[in-house]
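A short write-up of the structure that comes next.
The values are calculated or read from the model by the stated rules, or taken from the named source; none is laboratory data. Fair warning: this is a prediction, and the values are worked out from it, not measured in the lab. Virtual Cβ from ideal backbone geometry, glycine too; neighbours counted across all protein chains shown. Areas reflect the complete protein model, heavy atoms only, side chains present, ligands, DNA and RNA absent. Shrake-Rupley method; radii C 1.70, N 1.55, O 1.52, S 1.80 Å.
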Amino acid sequence: MSEAPILSVDKLSMRFGGIVAVNELSFSAARRSITALIGPNGAGKTTVFNCITGFYKPTSGAMQLTHDDGKTIRLERLNDFRISKQAKVARTFQNIRLFPGMTALENLMVAQHNALMLASGLTFLGLIGAPSWRAAEARAIDLAQVWLKRIGLLERADDAAGNLPYGDQRRLEIARAMCTEPALLCLDEPAAGLNARESAALSELLLSIRSEQGTSILLIEHDMSVVMEISDHVVVMDHGVKIAEGTPQHVRDDPKVIAAYLGADEQEAIAVMESGT
Amino acid sequence: MSAPLPASAPASRAPGAALIFKNAAISALVALVLFSLMIGVRTEAGPDGQLTYWTRFGELATVVALVFGGSIIVELLRQWWGPASETKIIPPSVQNGLAVAGRWIGPVLLVFAILIPVIFYNERYLLDLSILVLTYVMLGWGLNVVVGLAGLLDLGYVAFYAVGAYSYALLATNFGLSFWICLPLAGILAAFCGVLLGFPVLRLRGDYLAIVTLAFGEIIRLVLINWQSLTGGPNGVTGIPRPTLFGIPLTPADDGLAALLRIEFSPTHRIVFLFYLILALALITNWVTIRLRRLPIGRAWEALREDEVACRALGINTTTTKLTAFATGAMFGGFAGAFFATRQGFISPESFTFHESALVLAIVVLGGMGSQLGVVLAAIAMIGGFELFRGLDQYRMLVFGLAMVLLMIWRPRGLIGHRAPTVFLEKNQAISSDLVKEGHG
């Protein structure tokens, strides 16, 4: 197994016209660990995410992903669906993007599209109902069931995703991303809108994903209790640049971080300070 | 959660008499302005060609008074009825009955369709009408893949129908190929056209996609009109061979089917054969579509309709997924086109106008996007209804348009709006149409 960090971002910049959203950002995410990307609103966190997951093409900079077998992939050279298909980077969205008119189970089946396409012989084997396809489909349903069980939604498997409560939808989106069997899971504010109990359940789920699946996690989060509890490493951004980096305890006491939060949003800065006491 | 609203508040809901009169007065004023020239003044050419006119204020007053009174009656009816909701209009017992009927209507329709030539053997008109309905059912099922499942609005579907028809007509008349060889070729050529259309339009969404597909339909039609040396231009292609029953022609000749079976020849034999041919083609379309829905490609189509960005994040190649949807829909359109050509024996660009695209799209939308049974019901209602109102002469389109408006008010998401899941663990429950997205192209 490779010891190199799963993701290393080197001097990543992203400009939109005259606006510099991300300016020469460099950081790395260690393998089998949880890296948090925090910062005040408008710091450029989601832009970094969109660059990593191929939704934006960065203006300059390099992003290198190293798989467990040592294979390296330059993310800035891939685009669109290939990031997920070849680089095995999965993501969730700040505003939940499930398929609301499809059931929870169907959502998880769509996530296994590429594996199932191969198993169905690019549809032709599936059309004639070949036994190999039937077996592959049964395995896919089993995997979906495993994940539904882990997020506690097994009995709601046949309900439309759009009918599920908000917190369940958040967890279902994470399960859907995990069904693509990713090497790196990128979560954009997974705890947004969750109550304290749901946040705690989420932390548990993320920790179990790291320990059981060995999936590395990169997350953007505003809920400091979640960040402080589960992160192994925290990167703090403000105005498109990195202002601090280190363990949760380290960045929490960093005056630059506190100032950035105070300057941008008083309440969040207080939350940072209070979460340490 | 917000506090529950008071259970009933008729006083706050019902507008007072003053408001009703005000609304009625506004309606009457609009009617007065509209009809003052249309009804109030009658013009005619006099004996020497000069303009003569006279006023008809009495009739005008009657119409305005009718609008005023009608507006009040409608408002009162609305108050008496209460807020419109499905549960109120249709009692639960009837809804349960409908659900039971819904399970059986498909098989019953299928058995009925198989028996149509037996029951109506001597009714040539009804047989022809059923063939027409089945052709549109097949076209609707084909377009359903593109519009209903993948959520790509296609206003030029008739182009693939035309490509299929001309493929068969030209291959059969120029090279003497039989219908059974030409049928797959027509489908493949139409699918190729679908890919051809798909490539440039993949980045377009919604209205823009609709306009480009509309243009594609027109381009195909204009090419057919102007490429005289190949397609015969506006004169079309004549003398297209009739289909044979695996090489046995359905003619009164000595080697015809009637002679072989030692039965008396009747032109109805061919009609019955054509009926079963289109029934088989339509059922194949249906079977393939139902299978595809349960395969990863079908789920990807529906996912694409629900959320394209999420699809990309899950590693689904949206380009090829859209292309396959276009190609599959086009292929079925091509099959239907080949059938159309062999049935008519003559085709011209006039058969492939935008009107046909609109009709097929109306069938898909009216039936409920993505619903196979809905397309059948809508095709019967549209094509059959068209014939039913034939006695009304010039008012036919008026009645027909009104019926469509009422139907879309009653069921805005089509006759069968809910979606059946493609896979389930325990209970196969339909998904409400409120949750299912229409797609943005």
### Message
Residues that are away from every other protein chain (no Cβ under 14 Å) and either part of a loop (DSSP other than H, G, I, E, B) or of a type in the set (Ser, Thr, Tyr) (or both): does segment B:368-388 have at least one?
### Response
no
### Query
Out of all the residues in segment A:85-102, is one or more open to solvent by 10 Å² or more (accessible area, probe 1.4 Å), within 30 Å of A:LYS11 (Cβ to Cβ) and either part of a helix (DSSP H, G or I) or β-branched (Val, Ile, Thr) (or both)?
yes
### Task
Could you list all residues from segment B:295-324 that are of a type outside the set (Lys, Arg), in contact with a Ser or Thr (Cβ under 8 Å, 6 or more places away or on another chain), part of a helix (DSSP H, G or I) and at the interface with chain A (Cβ under 7 Å from one of its Cβ atoms)?
B:PRO296, B:ILE297, B:ALA300, B:GLU302, B:ALA313
### Query
How many of the residues making up segment A:138-153 are among the β-branched types (Val, Ile, Thr), part of a helix (DSSP H, G or I) and under 18 Å from the mean Cα position of the chain (by Cα)?
0
### Task
All but one of (1) open to solvent by 20 Å² or more (accessible area, probe 1.4 Å); (2) at the interface with another protein chain (Cβ under 8 Å from one of its Cβ atoms); (3) not charged (D, E, K, R) hold for B:THR328, so report the exception by its number.
(2)
### Task
Return the total of residues in segment B:57-83 being surrounded by fewer than 11 Cβ atoms within 10 Å (Cβ to Cβ) and more than 36 Å from the chain's Cα centre (by Cα).
1
### Query
For B:LEU292, are the conditions met, namely being of a type in the set (A, V, I, L, M), buried (at least 18 other Cβ atoms within 10 Å of the Cβ), within 11 Å of chain A (Cβ to nearest Cβ) and under 11 Å from B:LEU149 (Cα atoms)?
yes
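Given the residues B:GLU350, B:GLU356, B:GLU438, which is the only one that is open to solvent by 50 Å² or more (accessible area, probe 1.4 Å) and either in contact with a Phe, Trp or Tyr (Cβ under 9 Å, 6 or more places away or on another chain) or within 14 Å of chain A (Cβ to nearest Cβ) (or both)?
Details: B:GLU350 fails: either in contact with a Phe, Trp or Tyr (Cβ under 9 Å, 6 or more places away or on another chain) or within 14 Å of chain A (Cβ to nearest Cβ) (or both); B:GLU356 fails: open to solvent by 50 Å² or more (accessible area, probe 1.4 Å).
The unique qualifying residue is B:GLU438.
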#### Entry: Test: A:GLU76 is closer than 22 Å to A:TYR166 by Cα and either facing another protein chain (nearest Cβ under 10 Å) or modelled with pLDDT under 90 (or both)
no
### Query
Of all residues in segment A:114-124, which are open to solvent by 10 Å² or more (accessible area, probe 1.4 Å) and either closer than 19 Å to A:LEU206 by Cβ or facing chain B (nearest Cβ under 7 Å) (or both)?
A:ASN114, A:MET117, A:THR123
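Residues in segment B:200-209: is at least one at pLDDT 90 or above, open to solvent by 90 Å² or more (accessible area, probe 1.4 Å) and either on the phi < 0 side of the Ramachandran plot or not β-branched (Val, Ile, Thr) (or both)? So that I can check it myself, show each step before the final result.
At the first step, the residues of segment B:200-209 found to be at pLDDT 90 or above are none.
Looking for residues that are at pLDDT 90 or above, open to solvent by 90 Å² or more (accessible area, probe 1.4 Å) and either on the phi < 0 side of the Ramachandran plot or not β-branched (Val, Ile, Thr) (or both), one finds none in segment B:200-209, hence no.
Checking the condition touching a Pro at 6+ places or on another chain (Cβ under 9 Å) and open to solvent by less than 60 Å² (accessible area, probe 1.4 Å), which residue from B:THR213, B:THR231, B:THR285 passes? Working first, answer last.
Numbers: B:THR213 fails: touching a Pro at 6+ places or on another chain (Cβ under 9 Å); B:THR285 fails: touching a Pro at 6+ places or on another chain (Cβ under 9 Å).
Unique residue meeting the criteria: B:THR231.
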